[in-house]
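I have placed the structure first, in the form of structure tokens, so that the comments after it can refer back to it.
The values are calculated or read from the model by the stated rules, or taken from the named source; none is laboratory data. This structure is a prediction, so every number in the text was calculated from the model and none was measured. No Cβ is skipped: glycine too gets one built from the backbone with ideal geometry, and neighbour counts run over all protein chains shown.
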Amino acid sequence: MVATLTPSDTSQAGPPERPRRRERKQTREGGWAVVFLGPQMVGLLVFVLGPMLFALYLSLTEWNGIGDITFVGLDNFRELAGDHAFWQSMRNTLWLAVMIVPGQLITGLAVAVALHQRKLRTLYRIVYFMPVVTSQVAVSVIWIWLLNGSFGPLNSILRDWFGINAPDWLAEPSYLVPAIAMVTIWQGVGFFMVVFLAGLQGIPTAYLEAAEVDGAGTLRKFWHVTLPLLTPTLFFLTIMSLIGAFQIFDTVYMMTPQHSYLGDSTRTIVFQIYDLAFARFDFGSSAAYAVVLFVLLLILTAGQMVLQRRWVHYEE
Amino acid sequence: MSRRRTSPAEVTRSVSLHVILIAGALLTVVPFVWMILSSLKDQPQVFVFPPRWLPDPARWDNYADVWRAAPFLRAYGNSVFIAVMIVAFQLVTCAMAAYAFARLRFRGKNLLFLLFLATMMVPGQLTIIPVFLLMANIGLYDTHWAIILPEGLFSAFGVFMLRQFVRGIPTELEDAALIDGASRWRIFWSIIIPLLRAPLAALGTFTFVSSWNNFLAPLVFLRSPENYTVPVLIAQFKGEYSTNLPLLMAAASIAIVPVLVVFVVAQRQIIRGVTLTGAGK
């Protein structure tokens with residue numbers, strides 16, 4: 001990397017005086033660049049690029065962390081393709097994303113629109129933002145109880161007030177994943193709301209007033225003026241939400257009962273990465289999962305970037 | 001707008017909106033209230049059917065029990081230490097790199113910057129295994145530095161965001177200082193850093209909050225309970241006391257309530273930090 005920071009232009013033709021002065025200045029700046037970039041370059045090489053390459057290599061090996069590393073080519077990936085647990089974790093991750101992304105976007109936007117230019121905005125904002133700053137681990141602990149099927153308050157409210165017999169959320173796989181999505185959405189509303197509010201603030205009132213003069217009602221104004229002008233914010237938050245949903249771990253780790261048949265049914269990709277490497281010391285398979293996650297995120301983000309041309313309106 | 005008469009329809013709309021907003025606010029707050037109330041119950045009260053909201057009698061000893069059962073004070077100290085160190089390292093090194101990218105001329109600058117940006121796509125879960133092996137090999141496993149160094153020494157986002165702000169600073173001041181013979185180092189510390197106060201505060205807040213709530217890294221890198229951060233201690237506590245719900249709620253309260261108090265006091269700065277940084281991401 002040092003090579004990239006060394007001065008250039010040594011071969012430049014021209015009057016003898018000028019290039020040398022230029023060279024000297026560049027040398028000095030190149031030196032400063034090394035100084036200023038040094039710490040972050042160390043971080044980039046030692047904690048990101050190096051580990052990334054090593055992880056790619058590990059995904060092609062079999063290793064328990066102590067013995068010899070055996071190169072096995074694409075065997076790990078072939079194993080994943082035939083592994084029920086892998087497809088289960090893919091399904092769970094996708095299913096979570098399908099619930100979480102629209103859930104976070106819609107609730108965040110709804111609260112932001114309701115709050116925009118309204119009294120007591122600051123107070124509401126504080127309240128809605130509270131879960132954002134609290135630890136997902138601690139929040140999961142609360143929800144484990146709230147959602148408890150036999151003596152949790154949620155089900156008893158549903159039963160006593162609405163006559164609904166709710167399922168035991170945490171004991172049935174088909175409800176546990178939606179429950180995790182619900183907790184994630186609950187915790188994210190505040191963040192999405194505040195970013196949407198900033199987006200709404202950026203919409204020039206002139207457009208809305210013009211639409212009003214043309215006789216547009218509230219809904220039409222929202223649909224034809226506000227929403228198109230909000231698409232850059234929506235685009236950014238969609239990517240944030242997608243990436244977040246695919247990397248969800250804390251809530252899954254906390255809300256999945258340990259050592260039970262349920263444990264397998266709620267695994268996500270990131271949970272598998274953790275479990276395989278740090279509980280079962282199967283570093284090769286774990287790295288293979290991580291590579292799959294990396295590729296998935298790349299495809300998703302690239303896909304969004306391509307799609308954005310169709311639906312994101314940037315103001316001139 | 002303000003001179004316009006408010007019609008009855010508008011009043012109805014405003015009222016119904018507030019009703020919905022209050023309902024949403026209750027949904028947000030009630031879990032925390034439930035947590036605090038339940039943390040004061042004793043075991044039999046938990047299994048009362050139908051569930052009761054208020055603890056009767058309140059059992060404050062739950063907190064003493066939690067305090068005795070798990071080293072929460074220590075975990076708080078650990079969490080604060082890690083977060084403060086990460087913030088300090090990140091602010092200094094990111095600002096330095098941002099200054100280099102914004103102001104210095106050197107070969108391969110654009111390519112290198114692109115490389116920084118590209119790493120934002122690399123999920124931390126891909127690099128955590130090799131970083132874990134590295135830490136184990138250099139003797140930093142089960143120390144706080146295993147968490148501090150990777151976070152503190154690299155943040156593509158921090159570099160990117162601060163670079164934008166450095167580019168927004170007019171160069172005249174620097175040019176004058178350069179002519180006077182000031183070094184880049186001096187210029188950076190005495191001209192650039194003071195002008196970056198607001199974005200540095202925002203980035204610092206954002207980094208602090210994410211470090212505070214980080215779970216995967218401390219879970220992987222720390223083994224001894226006396227090194228645990230608050231989230232890891234909570235997770236371990238949950239494993240041991242999974243049937244003692246009041247104690248669990250007391251532990252969760254110990255983790256959450258102080259954070260909420262700090263948040264409410266500094267909400268403007270915290271919301272700005274988390275979203276300014278988030279919105280630029």
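Quick check on A:VAL133: is it crowded, with 16+ Cβ neighbours inside 10 Å and of a type outside the set (Lys, Arg)?
When the stated conditions are applied, A:VAL133 passes them.
Please go through the range A:256-278 and give me each residue that is among the aliphatic types (A, V, I, L, M), over 19 Å from the mean Cα position of the chain (by Cα) and within 11 Å of chain B (Cβ to nearest Cβ), ordered by number.
A:LEU276, A:ALA277
Yes or no: the range A:63-71 includes at least one residue that is in contact with a Leu (Cβ under 7 Å, 6 or more places away or on another chain) and either modelled with pLDDT of 90 or more or within 30 Å of B:ILE187 (Cβ to Cβ) (or both).
Yes; the residues of the range A:63-71 include at least one that is in contact with a Leu (Cβ under 7 Å, 6 or more places away or on another chain) and either modelled with pLDDT of 90 or more or within 30 Å of B:ILE187 (Cβ to Cβ) (or both).
Please go through the range B:203-221 and give me each residue that is of a type in the set (A, V, I, L, M, F, W, C) and in a loop (DSSP other than H, G, I, E, B), ordered by number.
B:PHE215
Within the range B:222-281, considering only helices (runs of 4 or more DSSP H) that don't extend past its boundaries, which have at least 1 residues that are basic (Lys, Arg)?
B:230-240, B:267-280
Please work out if A:VAL141 is more than 9 Å from chain B (Cβ to nearest Cβ), under 23 Å from B:ALA251 (Cβ atoms) and crowded, with 22+ Cβ neighbours inside 10 Å.
Spelling it out, it is not the case that A:VAL141 is more than 9 Å from chain B (Cβ to nearest Cβ), under 23 Å from B:ALA251 (Cβ atoms) and crowded, with 22+ Cβ neighbours inside 10 Å.
Going through the range B:163-200 one residue at a time, which ones are closer than 17 Å to A:TRP32 by Cβ, of a type in the set (A, V, I, L, M, F, W, C) and not in a loop (DSSP other than H, G, I, E, B)?
B:VAL166, B:ALA177, B:LEU178, B:ILE179, B:TRP185, B:ILE187, B:PHE188, B:TRP189, B:ILE191, B:ILE192, B:ILE193, listed by residue number.
Given the criterion out of contact with any Leu (no Cβ under 6 Å at 6 or more places or on another chain) and either assigned by TED's automatic domain parsing to the domain that holds A:THR268 or surrounded by fewer than 21 Cβ atoms within 10 Å (Cβ to Cβ) (or both), identify the matching residue among A:LEU146, A:LEU158, A:LEU170.
Exactly one residue qualifies, and that residue is A:LEU158.
Yes or no: A:VAL225 crowded, with 16+ Cβ neighbours inside 10 Å, over 24 Å from A:ALA97 (Cα atoms) and either modelled with pLDDT of 90 or more or within 30 Å of the chain's Cα centre (by Cα) (or both)?
yes
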